[in-house]
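I have placed the structure first, in the form of structure tokens, so that the comments after it can refer back to it.
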Amino acid sequence: MQRVTKKQKHSLMIFFFILLAMVFSGMQPVEADHISEADVEQFVRARIDLGESMGKFFRGRRSPQFGPEGGAPDMEALRRLETEINNHVASVLAKHDLSIEAYQDRSPEIFEDKEAVNRFLKAHPDLKERYEKLPQSPRRRGR
């Protein structure tokens, strides 16, 4: 049995470091949250349907009534309205295989990629027209 000298150990370590460097240098980092065309389509269609349906949802509805002395609306009435709105939004998003949470989590990322959204809308003029008719969001300074 032959003993390995210090010089041989040192050479082996250098060889393994070079080998590791070669292996890892060729690897490309995987983009964790890649936005696909299918994602853009799903979220744009969902946003259009949400915008249009919420307009219809609130059209002709009475706003919550204030108390007799001009106080705040009844909290129970506001809770019922919130539940009704959430149920409505959930049903619209379900048509696009989305939950409220998934839509809230991913939509900022999706709509931030304006180039991808515009490319999709350019390919679908009928959807582009509907998208452009949506009211501007005061919070997001966009649709």
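The values are calculated or read from the model by the stated rules, or taken from the named source; none is laboratory data. All values derive from a computational prediction rather than experimental measurement. Using ideal geometry, Cβ is built from the backbone for each residue, glycine included, and neighbour counts are taken over all protein chains shown.
Quick notes on this one:
- When region 32-53 is limited to residues that are part of a loop (DSSP other than H, G, I, E, B) and free of Cβ contacts under 8 Å to residues at least 12 places away in the same chain, the one that is nearest to His124 (Cα to Cα) turns out to be Ser36.
- Every condition in (1) within 21 Å of Asp39 (Cα to Cα); (2) at pLDDT 90 or above is met by Arg140 except one, and the failing one is (2).
- Checking the stated criteria, Arg130 turns out to be in contact with a helix residue (DSSP H, G or I) (Cβ under 6 Å, 6 or more places away or on another chain), modelled with pLDDT of 90 or more, surrounded by 10 or more Cβ atoms within 10 Å (Cβ to Cβ) and of a type outside the set (Val, Ile, Thr).
- Scanning region 83-126 for residues that are under 15 Å from Met54 (Cβ atoms), among the small types (Gly, Ala, Ser) and either touching a residue at least 24 places away in the same chain (Cβ under 8 Å) or not in a helix (DSSP H, G or I) (or both) yields one hit, Ser107.
- Conditions (1) within 11 Å of Phe43 (Cβ to Cβ); (2) over 15 Å from the mean Cα position of the chain (by Cα); (3) not aliphatic (A, V, I, L, M): number failed by Pro73: (1)
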